[in-house]
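The structure's right below; bear with me while I get my questions together.
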């Protein structure tokens, strides 16, 4: 029987898109892939201030596959996963947190989690983590929802850890500075959400194990 | 070169020039005609594919619920009741409601699907799984993002849920192919749960459907498949 201990220590930050995939593009030349990278840097600083170790799925303009991004998180012990996005719709200045939609439960007596449903055993924890983060974001960014939403986000499905997607509205702003100004607030809310979630997460002894 | 050969060479050149002057415009006309014919064939094929589903005037007009974006709450859907003559056949009925959904609401700002997207084919398997095949425009023209992609799929799923009780699950294809995501975010590798209620047969043509005002329902239902596992 695995030994369990509380010990959320790592936050895997996933700046979405990159490389030849710019993601959402605004009329003013704003590219999602660039903005999320600068948000990731800000988030790294905020997390380190809260005592977390931050790991990024990409440092520059690369485009790792969905599976490679999940693999970065799945290789960690005691990690949570945060994928960062900028939308092309929605009320500018608001932020939404998503957790994966329901997945068929994993029932494998051999102790393996199927890769394509790796998120299934973590959905409850992801919901708790997402609600913490969304709560802090709602306090700071008026018009944002109070609780996390559900969506079938591809990036979350193969991640064997509490995992959320954070989507900031939007690339339609006229000036990139409007988005840049949101970065410290978004980073602080995520870091505070992770700190609030820390006591709820009892980390199994093996990496990628079921909670 | 002897003068005789020079004369023959010049004569040959003049002959080639004359032939070219006569035939090049003819050739150009023929190429233009061929290109036009090809254009017409592509257009014809497209029209055949997207031919509006024949509406039988004998079909009763049903108060159908179609889901487009809400004009009051950001990033949510709202049902709009539309009077439509709908077939009793679930496949025809699905095509009719989805084509109306694609045509869009009166206020174009409330669209959930790109205006140039087309429903290419629709199948319903005996187990209640619907397969909706859309043109590439659904993936290429939709605004990229989790919220917009989820809204698009939810509007399709909830419109089917409200009007075609036989549809239990929904699989979305793009131009006949399974794709990983709609436009970089929303997972299309699985099926979406549409209806969980048991189907009453035959379908009653009562004003369509109930329970459509509940929150978003497009939940992904992935069946178990052999895949690499993570050790416990």
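With the structure loaded, tell me whether residue B:152 is surrounded by 24 or more Cβ atoms within 10 Å (Cβ to Cβ) and under 30 Å from residue A:97 (Cβ atoms) or whether it fails that test.
yes
While we're looking at this one, here's another question. When you check residue B:110 against the structure, is it touching a strand residue (DSSP E or B) at 6+ places or on another chain (Cβ under 6 Å) and surrounded by fewer than 20 Cβ atoms within 10 Å (Cβ to Cβ), yes or no? Reasoning before the result, please.
Numbers: touching a strand residue (DSSP E or B) at 6+ places or on another chain (Cβ under 6 Å): yes; surrounded by fewer than 20 Cβ atoms within 10 Å (Cβ to Cβ): yes.
So residue B:110 passes the test.
So residue B:138 passes all but one of these: (1) within 30 Å of residue A:36 (Cα to Cα); (2) surrounded by fewer than 18 Cβ atoms within 10 Å (Cβ to Cβ); (3) more than 14 Å from every other protein chain (Cβ to nearest Cβ). Which condition number does it fail?
For residue B:138, the failing item is (2).
So, one more: Quick check on my filter: what residues within the stretch A:142-163 are closer than 25 Å to residue B:152 by Cα, away from chain B (no Cβ under 11 Å) and either under 13 Å from the mean Cα position of the chain (by Cα) or surrounded by 19 or more Cβ atoms within 10 Å (Cβ to Cβ) (or both)?
A:148, A:163, listed by residue number.
I'm trying to understand the selection: among the residues of the stretch B:70-81, which are in contact with a helix residue (DSSP H, G or I) (Cβ under 7 Å, 6 or more places away or on another chain) and surrounded by fewer than 16 Cβ atoms within 10 Å (Cβ to Cβ)?
Listed by number, the list holds a single entry, B:71.
This table checks each residue for (1) at negative phi; (2) under 17 Å from the mean Cα position of the chain (by Cα); (3) not in a loop (DSSP other than H, G, I, E, B).
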site	(1), (2), (3)
B:71	yes, no, no
B:82	yes, no, yes
B:98	yes, yes, yes
B:101	yes, yes, yes
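How many residues are out of contact with any strand residue (DSSP E or B) (no Cβ under 9 Å at 6 or more places or on another chain), surrounded by 13 or more Cβ atoms within 10 Å (Cβ to Cβ) and either free of Cβ contacts under 8 Å to residues at least 40 places away in the same chain or assigned to a helix (DSSP H, G or I) (or both) if we restrict to the stretch B:52-69?
Within the stretch B:52-69, the first condition is being out of contact with any strand residue (DSSP E or B) (no Cβ under 9 Å at 6 or more places or on another chain), and the residues that meet it are B:52-54.
From what is left, the residues that are surrounded by 13 or more Cβ atoms within 10 Å (Cβ to Cβ) are B:53.
If we keep only those that are either free of Cβ contacts under 8 Å to residues at least 40 places away in the same chain or assigned to a helix (DSSP H, G or I) (or both) too, we end up with none.
Number of matching residues: 0.
Got at least one residue in the stretch B:106-116 being in contact (Cβ under 8 Å) with a residue 24 or more places away in the chain, farther than 27 Å from residue A:154 by Cβ and touching a helix residue (DSSP H, G or I) at 6+ places or on another chain (Cβ under 7 Å)?
No, because not a single residue in the stretch B:106-116 is in contact (Cβ under 8 Å) with a residue 24 or more places away in the chain, farther than 27 Å from residue A:154 by Cβ and touching a helix residue (DSSP H, G or I) at 6+ places or on another chain (Cβ under 7 Å).
Counting only residues that are more than 10 Å from every other protein chain (Cβ to nearest Cβ), buried (at least 19 other Cβ atoms within 10 Å of the Cβ) and either under 15 Å from the mean Cα position of the chain (by Cα) or over 17 Å from residue B:154 (Cβ atoms) (or both), how many does the stretch B:172-193 have?
Let us first name the residues in the stretch B:172-193 that are more than 10 Å from every other protein chain (Cβ to nearest Cβ), namely B:172-179, B:191.
This time we only want the ones that are buried (at least 19 other Cβ atoms within 10 Å of the Cβ), so: B:172, B:174, B:191.
Filter again for either under 15 Å from the mean Cα position of the chain (by Cα) or over 17 Å from residue B:154 (Cβ atoms) (or both), leaving B:172, B:174.
So the answer is 2.
A further question on this structure: Just to be sure I understand, how many residues within the stretch A:174-191 are loosely packed, with under 15 Cβ neighbours inside 10 Å and either modelled with pLDDT of 95 or more or touching a helix residue (DSSP H, G or I) at 6+ places or on another chain (Cβ under 9 Å) (or both)?
Going through the stretch A:174-191 one residue at a time, the tally reaches 2.
Further question on the same structure: Please give the number of the condition residue A:128 fails out of (1) farther than 20 Å from residue B:186 by Cβ; (2) not in a helix (DSSP H, G or I).
Failed condition: (2).
Scan the stretch A:87-112 for residues that are in contact with a strand residue (DSSP E or B) (Cβ under 6 Å, 6 or more places away or on another chain), within 7 Å of chain B (Cβ to nearest Cβ) and modelled with pLDDT of 85 or more and jot them down.
Within the stretch A:87-112, A:87, A:96, A:98, A:101 qualify.
Shifting gears a bit: Quick test of your reading of the structure: residue B:146 fulfils all but one of (1) within 14 Å of chain A (Cβ to nearest Cβ); (2) touching a strand residue (DSSP E or B) at 6+ places or on another chain (Cβ under 6 Å); (3) surrounded by fewer than 22 Cβ atoms within 10 Å (Cβ to Cβ); (4) modelled with pLDDT of 95 or more. Name the failing condition by number.
(3)
The values are calculated or read from the model by the stated rules, or taken from the named source; none is laboratory data. A quick note: this is a predicted structure, and the numbers were derived from the prediction, not measured. As a convention, Cβ positions derive from the backbone with ideal geometry for all residues, glycine included, and neighbour counts pool all protein chains shown.
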